[in-house]
Each structure stands twice: as C-alpha cells, then as structure tokens.
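The values are calculated or read from the model by the stated rules, or taken from the named source; none is laboratory data. Small disclaimer: the values here were computed from a predicted structure and weren't measured. Note that we place each Cβ from the backbone using ideal geometry, even for glycine, and neighbour counts take in every protein chain shown.
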Amino acid sequence: MAMVQPKSVKYRLWLTHLGLLGFIALIVFPLLMVISISFREGNFATGALFPENPTLEHWSLALGIPYTQDDGTVVQPPFPVLLWLWNSIKIALISSALILMLSTTSAYAFARMRFGGKAPILKGMLIFQMFPPVLSLVAIYALFDQLGQHVPWLGVNTHGAVIVASLGGMALHIWTIKGYFESIDASLEEAAVVDGATTWQAFFHILLPMSVPILAVVFILAFITCVTEYPIASVLLMDVDRLTLAVGAQQYLYPQNYLWGDFAAAAVLSGLPITLMFLYCQKWIVGGLTAGGVKG
Amino acid sequence: MNARAELPSPAMMSRSWTLHPTLKTGLRWLVWLTFNAFALYLVVALYAQRQLAFALLGLVVTGLASYVFINRRAYAHRYIYPAVAGMLVFVIFPLLYTVGIGFTNYSGSNLLSQEQVQQYHLNQTFLAGERYRFTLHASPEGDRVRIDKGEQGVFVSEPLTGEPDPQTPLAMRPASEVELGEALPLRDVIKRRNELDQRVLAGPGGDLLRMYGLREFAAAQPLYRLAEDGALISNKTGERLVPDLERGFYVDEQGEIVPPGFSVFVGMDNFAKVITDPSIRGPFLQIFVWTVAFAGLTVVFTLAVGLVLANLLQWELVRGKPFYRVMLILPYAVPAFISILVFRGLFNQNFGEINLLLDTLFGIRPDWFSDPTLARSMILIVNTWLGYPYMLLLCMGLLQAIPKDHYEASAMDGATPLDNLLRITLPQLIKPLMPLLIASFAFNFNNFVLITLLTRGGPDIIGATTPAGTTDLLVSYTYRIAFQDSGQNFALAAAIATMIFMLVGAMAWLNLKLSKVKV
C-alpha cells in the first residue's frame with residue numbers, strides 16, 4: 001500500500017529510535033543496577049555500574065553457602081532464600097494446578113450448558129473479583145484459625161491455608177477459558193454425545209485436548225499470581241521457614257538490618273526465572289489478558 | 001425399538017472397564033455419606049463453640065454440595081460448584097464477616113465473647129485460708145504431691161499425669177494408703193513450676209488447693225460466683241460485677257471496667273467515629289484524597305506513557321520491534337514484590353544509588369522517605385514504571401483495530417503526529433479502553449503491596465490517634481489499624497473496609513455496565 005509520507009520522515013524516524021532507546025535505558029537502569037550491586041563488596045559500599053572488585057559474596061549467601069571473607073571470618077546466610085523460593089514454587093504449583101482444574105470444568109459448564117442462574121453467577125463473579133482480599137484479612141485469618149482447630153493442615157501458619165485461600169480468585173481464569181471454549185465449534189462434542197458419549201466424556205476427550213494452549217496460559221498466569229501474592233500469605237504465615245519469597249524478601253531491607261547487597265543477589269536469583277518465564281510466554285499471556293474477562 | 005441401542009457406542013464399549021452401575025451408585029452414596037458426616041461434625045463442633053457465622057457457612061457450603069451432587073437437574077451446577085464454593089468461602093464470606101465486625105467493638109482489648117470473659121472471671125481464684133508445705137515425690141504411677149496439713153494429717157495426690165487442667169482437680173488420699181519414694185529436690189519443682197501452677201488438688205472435704213510459692217500449697221477459692229441475674233459476686237469482698245453490654249466490659253460498683261472485655265454489637269458507632277472524631281476524620285479524609293489522586297494519576301501517567309510508546313511501535317518504518325517490545329515490557333515481567341523492594345533500596349536517602357547519582361550530577365539529596373511530597377512523587381514514579389507496560393500491551397492490541405485509511409486521510413491534510421494522536425487515535429481508543437481504565441483505577445485504589453513494600457505508609461501524619469501515614473492508601477491504612485502493634489482495632493478497620501467495599505462495588509458495577517459483558 002502506498003502510504004502518503006511527510007517529507008521529514010527520516011529525521012523523525014531517527015528521533016523515534018533515539019527516544020525509544022533513551023527511554024529503555026532509563027527503564028532498565030534499576031534492573032542493571034541491582035545486578036551490579038549483587039556483585040559488589042559489602043552491604044553499604046557504593047560504586048560504578050561495573051563493580052571494580054567483583055565478588056561472589058552475596059551470591060554465595062543467597063544460595064545458602066556460608067562465605068569466607070578475605071580476613072578469614074565466615075559469614076552465615078542471613079535468610080533461607082532457596083527455601084523461600086521452594087515454598088513459593090510449591091504453593092504456586094499446587095494452587096495453579098487446582099485453579100486450572102476447577103476453572104476449566106466451571107468454564108465448560110458456562111460455555112456449553114444452560115442452567116438456572118448462569119448469567120447472575122458469571123456477573124457476580126466478575127464483580128466480587130474486584131474486592132481486594134486485603135480488606136477482609138481479619139475475617140480470612142479468623143476463618144483459617146477456626147478451620148485449623150479441626151483440620152490441622154488448613155490452620156494458620158500452614159501452606160495448605162495459603163493454597164486453599166488462592167481458590168477464591170478463579171473468576172478471571174474462568175472468563176478467559178470460557179471465551180476460548182466459545183470460540184471452538186461445539187459440533188464435534190454434539191456428534192460424540194449423539195454417539196452415546198456422556199457430557200463428561202465429550203468434555204474430557206474432545207474439548208480438552210483442543211484447548212491445551214489456553215490452559216497453558218491460564219496455568220502460567222495463575223502461577224505468577226500465586227508467586228507474587230503478598231497480603232494473604234503475610235498474615236497466614238509466621239515461621240521464617242514457612243514464608244514465601246514475596247513475604248520473606250522484605251526482611252532484607254529493615255532499617256535496623258539493612259542488607260542491600262545480599263538482597264540484590266537474592267532478588268536476581270529468585271526474580272530471574274519468573275521474569276524469563278514471563279517473557280518467554282508473553283505472546284500467549286497478552287492474548288489471555290485481552291481476550292478474557294473484560295472485552296471491549 | 002431403539003436403533004441406536006444396538007450400535008456400539010463409546011459408552012457401551014467402555015463399560016467393560018468401568019464399575020458395575022449399582023456398585024458405582026453405592027460408591028457414590030458412600031462418598032456422599034462420609035463427606036456429609038464429616039461436614040456435619042464440623043458444623044456441630046463450630047456451633048458448640050458458638051461460632052455461629054462459621055457454622056452457618058459450613059452448613060450452606062455442604063448443603064449446596066449435597067443438593068448439587070444428588071439432584072439430577074442440577075447436573076450443570078456440579079461443574080461450577082467448586083469455583084462458586086471457593087468464591088463463597090474465601091471472598092464473599094470474609095466480606096460479609098468483615099462488614100459484620102464493623103458493627104461491633106471487636107479489638108485487641110475486646111477479643112473474647114461474653115461467655116469466655118465470664119468463664120475467665122469465674123476461673124480467677126484468691127487465697128482464702130491456710131497454707132501447707134508440700135514436697136514432690138516420685139512413685140511408680142508418676143510423680144505425686146505430698147501435702148502436710150498438720151493436725152488434719154498428711155495427704156498425697158493422684159499421680160501428676162496428662163495435661164494440667166484447673167477444671168478437674170486431682171483427688172488426694174491419706175498418705176498411709178500410698179507408697180512414696182524420696183522427696184525430689186527443689187530444682188525439680190522449679191523445673192515443673194509452670195505445670196504445677198495449673199494443678200488443682202481437692203482435699204477429702206472438697207477444699208481446693210493450689211500452689212502458692214515454691215514450697216507451699218494453699219487453699220484457693222474462686223474469686224467470683226455467678227448470681228442469677230448474670231452478675232458476678234466477689235467471694236472476697238462481696239462486690240458485684242455487672243456486664244455492661246454497651247461497652248463490652250464487666251463493670252464494678254464504682255463504674256470502673258474490669259478487663260478483659262468482650263465484643264458486643266455497637267451499631268453505627270465505628271462509622272460515626274470516622275465521621276465525627278477529628279483525630280480520625282482528619283487523617284481519613286487526607287488519606288482518602290491521596291488514594292483517589294494516586295489511583296487517578298497512576299491511570300493517567302501509565303496510559304500516557306503506554307499510548308505514546310504503542311503509537312511509536314505501531315509505525316511501520318520503525319525496525320527492531322521485537323527487541324523494543326521485549327525491553328519495554330520488562331518491568332511487567334519482573335515480579336512486582338521484587339522491583340518495588342529494588343526501588344526502595346535505590347531511593348534510600350543515605351546509601352541509595354539514585355541519591356548518589358543526583359548528588360554527583362546536581363548536588364542534591366532529596367529526602368524521598370521523610371518528605372511527604374517527595375514520598376508521593378516517588379510512589380507515582382515507581383508505579384508508573386510498574387504499570388505502563390500493561391497499558392502499552394492493551395493499546396497495542398486496540399490500535400490494530402483502527403483503520404489505516406484514517407491516518408492516510410489525515411496525512412493528505414497535512415496533520416502532525418500529535419494531531420493524529422489526539423484527533424484520531426485517542427477518540428477511537430477511549431471507548432474500548434474505558435472499562436479497562438476503571439479496572440486499573442480500582443486496582444490501584446487498593447494497591448496495598450506497593451505502599452506496604454515501598455514506604456509502609458510513612459512519613460506519619462502528625463496528631464493521628466490511629467497509625468496513619470501521608471502515603472497510606474485506604475487499604476494500607478485499614479491494614480495498619482487492624483494489624484500494626486499499636487492498633488488491633490479490628491472493628492474500626494472493618495468499618496473503614498465496609499466503606500471501601502461500597503466504593504469498589506460502585507466501580508465494579510460501573511465497569512460491568514460500560515463493558516457490556518455478554519454472558
């Protein structure tokens with residue numbers, strides 16, 4: 001297509017590139033800085049973007065290995081970062097698997113079946129999803145306190161409680177999957193039902209295999225949401241050994257015990273896998289963000 | 001009769017490996033019965049502990065489950081039941097419960113129920129009689145306490161086994177009936193002091209003895225007895241304690257309260273306090289204004305940055321788009337709790353890299369964390385950094401939908417890029433964007449994690465009786481009232497939360513109307 005171009009286009013193009021690169025430099029500066037800080041000596045030292053005497057001190061501590069300094073003193077790791085990371089991953093994996101399972105079956109019913117109260121339930125879910133759980137933390141705490149007296153693995157200060165609490169946030173995932181199911185022609189399932197398959201079989205053997213991409217997206221979205229969840233975990237978990245990364249990480253930056261270098265290494269170590277995973281999946285995630293839920 | 005019955009259908013073929021129908025039905029009923037038995041046990045146990053709200057929740061959830069999984073007509077509901085139940089238990093119930101707390105005086109000082117407080121007072125004892133020396137002895141059945149009551153004789157308690165319980169006293173028998181070993185040294189008594197403190201011994205006459213110091217047991221009497229009208233009468237002084245159902249405390253004859261308090265229904269008191277008490281109303285209004293400003297400005301800034309970038313990336317002549325795209329959404333990919341803490345360190349007034357840079361370049365070191373205006377600017381900068389990639393992604397998607405020939409026509413008329421942006425792009429984007437902008441506003445209105453991890457609400461507002469900071473949002477303010485050490489005023493927090501619920505509900509409703517969701 002022949003587009004009408006103004007004359008000064010070349011000059012503008014250069015300006016655009018320059019502007020974009022400048023902006024990116026500004027945006028990426030904090031992230032580069034953290035990587036640089038993680039290789040610096042000590043927790044207070046300041047220096048250039050490229051440290052003059054790079055050291056692995058903070059990295060060693062972040063990985064849980066005691067570090068021997070040049071003068072022979074041994075520094076113990078301040079916090080069990082790897083354990084926190086493992087807690088986060090464990091909770092997020094189980095939560096997102098449950099969320100995926102339950103929201104898929106729900107989305108199937110919403111997409112394919114007719115039943116009483118369908119529209120109000122769907123809309124109600126969207127509305128209630130906007131209420132932040134931070135505001136009902138007192139009630140959530142009381143709920144798990146009660147549950148824990150009868151079912152110990154669901155009590156306060158257990159991972160079970162955090163996992164189960166995450167099941168409140170399925171509405172957006174249901175909407176996303178429902179939107180995808182509706183884009184798939186129902187005739188195949190109908191044919192299977194005519195041949196005598198039950199509704200469940202039609203869903204499980206026909207629709208589900210065709211929906212693997214969206215299920216992957218929802219799983220990853222749920223996983224990232226769970227890993228970064230802060231308020232509920234901060235109230236439900238207490239022991240240092242049971243904290244998730246999101247709750248534990250801030251302990252590095254208390255004014256009384258300011259471990260800037262150690263934090264930097266721990267942050268890069270734990271943030272990098274999630275960042276890379278997100279970037280790798282960004283295309284599908286963006287599709288999920290715009291396709292599901294609130295459609296214009 | 002039925003032609004289809006003769007055809008080998010998938011269901012019939014699979015019958016060879018599925019369970020026999022009656023067995024399957026039996027199994028289903030078995031599962032249903034066990035589930036219900038367990039659920040009913042839980043409900044009854046909660047009811048017995050007077051946790052009516054929780055018992056009711058259990059009843060509703062299990063009742064719905066039974067209905068849905070037994071009734072054939074509710075077949076479709078079986079699929080949605082787990083999600084709906086999850087929402088009911090972890091979103092809607094806590095919401096209602098919080099609203100309920102808002103009408104009580106539930107707080108750190110009024111934590112228990114009235115029955116619990118009454119029981120607490122009835123468990124109090126005072127020294128009312130002789131003191132007797134005791135010794136601890138080992139015996140084959142367990143350690144026993146030997147008490148020398150002088151002229152009345154020497155007595156030995158039952159073995160001290162199991163958890164100590166002040167409600168069930170250990171009986172004592174004359175020493176002659178029991179074989180005892182040597183007395184244990186005092187250090188063993190010291191070691192078990194906490195346990196012994198909880199033990200109550202009952203003499204043959206029914207008199208109760210409790211430990212008094214390390215060497216003696218003494219006759220202890222309950223401090224209060226229950227009168228028929230619900231008052232507590234002191235056995236020591238004869239004074240009456242009357243429950244004050246307005247304040248949630250027992251009150252003595254001078255009108256002084258006797259802690260601990262219990263939670264009572266106080267109507268609109270908490271809401272009235274927010275509106276009338278100047279030391280709460282002032283900070284509340286200030287925080288409310290800042291919350292609205294913060295959420296609004298965040299939406300404007302992130303949208304502005306995202307829209308401009310999306311327009312630049314949309315230009316066909318720009319090369320290297322995949323690179324730009326990945327770099328530009330990088331802030332979105334890093335977990336928020338990490339990047340917020342990174343900024344907290346970088347903005348640190350003393351050793352932060354940002355102040356070092358500003359110091360070398362311009363010779364200034366702004367007080368990012370102690371000056372309210374600077375703290376607010378910092379929060380907006382950080383939140384724009386965190387939030388613009390989302391807007392960028394949304395705008396990039398929506399820009400595809402604008403027909404190219406609009407720009408073609410405007411180029412013919414000699415329009416500048418700015419004209420294009422303001423006259424063509426923005427008017428066409430704003431309608432589909434509106435619900436997303438409202439959602440973003442609502443999200444930032446309640447952006448608890450950002451404030452908590454970055455400033456914790458500080459610097460503090462001077463003259464506030466509740467923990468309140470100049471950068472606190474309503475949510476973090478509520479959280480601090482409820483959970484910060486000096487606070488624990490759950491009821492006030494719940495009342496403010498209820499107000500926020502109404503605002504959020506209005507936003508959610510507006511959002512739903514504007515986005516015209518098709519079900």
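Here are a few things to note about the model shown:
- Test result for B:Pro283, touching a residue at least 60 places away in the same chain (Cβ under 8 Å) and part of a strand (DSSP E or B): no
- When we screen A:Leu167, A:Leu143 for residues that are modelled with pLDDT of 85 or more and crowded, with 22+ Cβ neighbours inside 10 Å, the only hit is A:Leu143.
- Restricting attention to the range B:51-78, the residues that are at the interface with chain A (Cβ under 7 Å from one of its Cβ atoms), over 21 Å from A:Ile127 (Cβ atoms) and either in contact with a Leu (Cβ under 6 Å, 6 or more places away or on another chain) or not small (Gly, Ala, Ser) (or both) add up to 2.
- Hey, A:Ile37 touching a helix residue (DSSP H, G or I) at 6+ places or on another chain (Cβ under 6 Å), more than 29 Å from A:Val212 (Cβ to Cβ), of a type outside the set (Phe, Trp, Tyr) and within 14 Å of chain B (Cβ to nearest Cβ) or not: yes
- Matching residues, the range B:455-508, being part of a loop (DSSP other than H, G, I, E, B), more than 14 Å from chain A (Cβ to nearest Cβ) and not aliphatic (A, V, I, L, M): B:Gly463, B:Thr465, B:Thr466, B:Pro467, B:Thr470, B:Thr471, B:Asp485, B:Ser486
- Wholly within the range A:45-160, helices (runs of 4 or more DSSP H) carrying at least 1 residues that are facing chain B (nearest Cβ under 7 Å), farther than 30 Å from B:Thr498 by Cα and not β-branched (Val, Ile, Thr): A:81-112
- Qualifying residue in the range B:178-192 (condition: loosely packed, with under 13 Cβ neighbours inside 10 Å and closer than 30 Å to B:Glu115 by Cβ): no
- Candidates B:Phe294, B:Phe347, B:Phe337: the one that is farther than 17 Å from A:Gly22 by Cβ and facing chain A (nearest Cβ under 7 Å) is B:Phe337.
- Residue satisfying all of: in the range A:230-258; facing chain B (nearest Cβ under 10 Å) and of a type in the set (A, V, I, L, M); surrounded by the most Cβ atoms within 10 Å (Cβ to Cβ) among these: A:Leu245
- Among residues of the range B:350-383, those that are surrounded by fewer than 20 Cβ atoms within 10 Å (Cβ to Cβ), within 14 Å of another protein chain (Cβ to nearest Cβ) and under 24 Å from B:Val292 (Cα atoms), counted: 2
- Across the range B:27-49, the number of residues qualifying as surrounded by fewer than 12 Cβ atoms within 10 Å (Cβ to Cβ) and not hydrophobic (A, V, I, L, M, F, W, C) comes to 1.
- Criterion (facing chain B (nearest Cβ under 9 Å) and either surrounded by fewer than 20 Cβ atoms within 10 Å (Cβ to Cβ) or free of Cβ contacts under 8 Å to residues at least 12 places away in the same chain (or both)) met by exactly one of A:Thr275, A:Thr225: A:Thr275
- So B:Ile424, is it buried (at least 16 other Cβ atoms within 10 Å of the Cβ), over 23 Å from B:Leu285 (Cα atoms), of a type in the set (Val, Ile, Thr) and more than 10 Å from chain A (Cβ to nearest Cβ): yes
- Conditions (1) outside any helix (DSSP H, G or I); (2) without any contact (Cβ under 8 Å) to a residue 24 or more places away in the chain: number failed by A:Met238: (2)
- Complete set of residues in the range B:136-189 that are within 14 Å of B:Arg199 (Cα to Cα) and among the β-branched types (Val, Ile, Thr): B:Val145, B:Ile147, B:Val156, B:Thr161, B:Thr168, B:Val189
- Being more than 17 Å from A:Ala142 (Cα to Cα) and assigned to a helix (DSSP H, G or I) holds for only one residue in B:Leu57, B:Leu30, B:Leu95, and it is B:Leu30.
- Here the condition is being touching a residue at least 12 places away in the same chain (Cβ under 8 Å), buried (at least 17 other Cβ atoms within 10 Å of the Cβ) and within 30 Å of B:Ala171 (Cβ to Cβ); of B:Leu241, B:Leu223, B:Leu214, it holds for B:Leu223 alone.
- The range A:20-34, subset among the hydrophobic types (A, V, I, L, M, F, W, C) and at the interface with chain B (Cβ under 8 Å from one of its Cβ atoms), residue surrounded by the most Cβ atoms within 10 Å (Cβ to Cβ): A:Val34
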